[in-house]
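The structure appears below as structure tokens.
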Amino acid sequence: PVFRSTWILRHEDVIINKKIGSGAFGEVFLARMVDPTSEYLLDCAVKTMKQEASTDAKLRFHKEARMMRKNYKHNHVVMIFGVATLNSPLLIVMELCPNGSLISYLRKNKGKVSLLEKLRFIYETASGLSHLEKMNCVHRDVAARNCLLSAKNAIKISDFGLADDRRLVIDTFLDKLPIKWLAPEIMQEKMYSLKSDIWAYGITVWEIFADGDEPYPGLSNVQARAKIVAQDYRMKLPAEAPPEIVQIVETCWDKNPDKRKTMTVHSNALQIYYEARAPPPFP
Ligand code: ATP
């Protein structure tokens, strides 16, 4: 038999069904794959890269797959099953998150998501990010739009299109950046870091409590940025947010990146806080 790494999948083993999303460089489809080990059919999501994409975009696509593979296997990070790269289009085959993105869930269920479920979202996002932090992976686009939901509505951090395992210099045009999620030092130092992901996590917690509203309501990107830098302005969490969560978000938004506690510290604290309110079944 010909040895074939199970990481590289064959196009004929991936059966593409309907489109469920589109991204900057390609589309995302509902699909099934023949599991190379068990030969059973598995539900999955497939990200494709257009044939006519530039070399740069293709390199980015491979890098996204590599970053997903490196971070593979955590309950709160989208798992990658493999890539199909022997033919065109290029495919990233990954775990399906049938309940869509957290941002659309919050917007669709405005006013109806319980405090307990919000606490769970906040804890699970911290847990996934703490894993990335341990793997030294800077995500660079932490936001409610990039948290997907599993069939059981568990958080799965997705979109590793910008992720890297180094501190990174800004390499995009400023107008393409998600300004309202960026830590202030990113603009000054022109660098991303694990600490700037923690800032963006704070914004994500705000989005969860604000039922998916856009951060800094009523302010443009430029106005928000100016207030943060010049006046140390910070958003207030809605009154529903417990003081313990308010305190966590405050440390995420510390002006001094070194003073922001790690995602692992936050994740542990949030796990204890959440489980005290929703005891897990006895192991
Ligand atoms: P962006 O322009 O935001 O960077 P992108 O090219 O990185 O987009 P993604 O954000 O990864 O693309 O995916 C686009 C959309 O496809 C998501 O918003 C989501 O709705 C859907 N999607 C992506 N991955 C999955 C998945 N594993 N399961 C279900 N839906 C998914």
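Using only the Cα atoms of segment 191-265, what are the Rg and Dmax in Å?
My reading of the Cα-based Rg and Dmax gives 12.2, 34 Å.
With an 8 Å Cα cut-off and a minimum separation of 6 or more residues, compute the relative contact order for the chain in percent.
For the chain, the relative contact order is 16 percent.
Helix-only mean residue ellipticity at 222 nm, the chain, DSSP H runs n ≥ 4 weighted -39,500 (n - 2.57), per residue, nearest 500. What is it?
-11000 deg cm²/dmol
What distance in nm separates the simple spin-label points at ASP43 and THR55, each placed 7 Å from Cα in the Cβ direction?
Taking the two extended label points, one gets 4.1 nm.
Anything over 20 Å Cα to Cα? Flag those among LYS73/LYS108; LYS70/LYS118; LYS50/LYS156; LYS47/LYS156; LYS134/LYS156, in the order listed. Please report the intermediate quantities before stating the final value.
Working: LYS73/LYS108 29 Å; LYS70/LYS118 28 Å; LYS50/LYS156 25 Å; LYS47/LYS156 16 Å; LYS134/LYS156 17 Å.
Checking Cα-Cα distances, LYS73/LYS108; LYS70/LYS118; LYS50/LYS156 exceed 20 Å.
In 5 Å bins starting at 0, how do the alpha-carbon pair distances of segment 97-154 split up by percent?
P(r) for segment 97-154, in whole percents per bin: 4, 17, 27, 27, 14, 8, 3, 0.
Could you give the length gained by full extension between SER220 and ASP13, i.e. 0.36 nm per residue of separation minus their alpha carbon distance, to one decimal place?
On the way: separation 207, 0.36 × 207 = 74.52 nm, distance 4.68 nm.
Residue separation times 0.36 nm, minus the Cα-Cα distance, leaves 69.8 nm.
If you take the C-alpha gyration tensor of segment 12-59, multiply each eigenvalue by 5 and take the square root, what semi-axes do you get, largest first, in whole Å?
24, 13, 7
Could you please report the charge total around TRP206, scoring K, R as +1 and D, E as -1 over all other residues with beta-carbon less than 14 angstrom from its beta-carbon?
-1
Write down, largest first, the equivalent ellipsoid semi-axes of segment 62-111 in whole Å, where each equals the square root of 5 times an eigenvalue of the alpha-carbon gyration tensor.
Calculated on Cα positions only, the semi-axes equal 27, 14, 8 Å.
Counting other Cβ atoms within 10 Å, which trypsin sites (Lys or Arg not before Pro) in segment 177-283 have at most 12 and lie in a DSSP loop?
LYS190, LYS236
Please sort by residue number the GluC sites (Glu not before Pro) in segment 36-96 whose DSSP state is loop and whose Cβ has at most 12 other Cβ atoms within 10 Å.
Within segment 36-96, the qualifying GluC sites (Glu not before Pro) (loop, at most 12 other Cβ atoms within 10 Å) are GLU39, GLU52.
Tell me which trypsin sites (Lys or Arg not before Pro) from segment 1-91 have a DSSP coil assignment and no more than 16 other beta carbons within 10 Å of their own.
Qualifying residues, ordered by number: ARG4, ARG10, LYS50, LYS73.
What residues have an amide H closer than 5 Å to that of ILE20, excluding those fewer than 5 places away on the same chain, when H is modeled at 1.01 Å from N in the peptide plane?
Those lying under 5 Å, H to H, from ILE20 are VAL28, PHE29, LEU30.
Which three extents, in whole angstrom, do the alpha-carbon atoms of segment 128-240 cover along their principal axes, largest first?
39, 36, 22
Which whole-number percent gives the relative contact order of segment 46-133, counting Cα pairs below 8 Å spaced six or more residues apart?
Computed value for segment 46-133: 29 percent relative contact order.
Largest first, please: the extent of the C-alpha atoms of the chain along each principal axis, to the nearest Å.
64, 49, 32
Only the coordinates and a few stated rules stand behind these numbers; no lab work does. A quick note: this is a predicted structure, and the numbers were derived from the prediction, not measured. Note: ideal-geometry Cβ built from the backbone for every residue, glycine included; neighbour counts use all protein chains shown.
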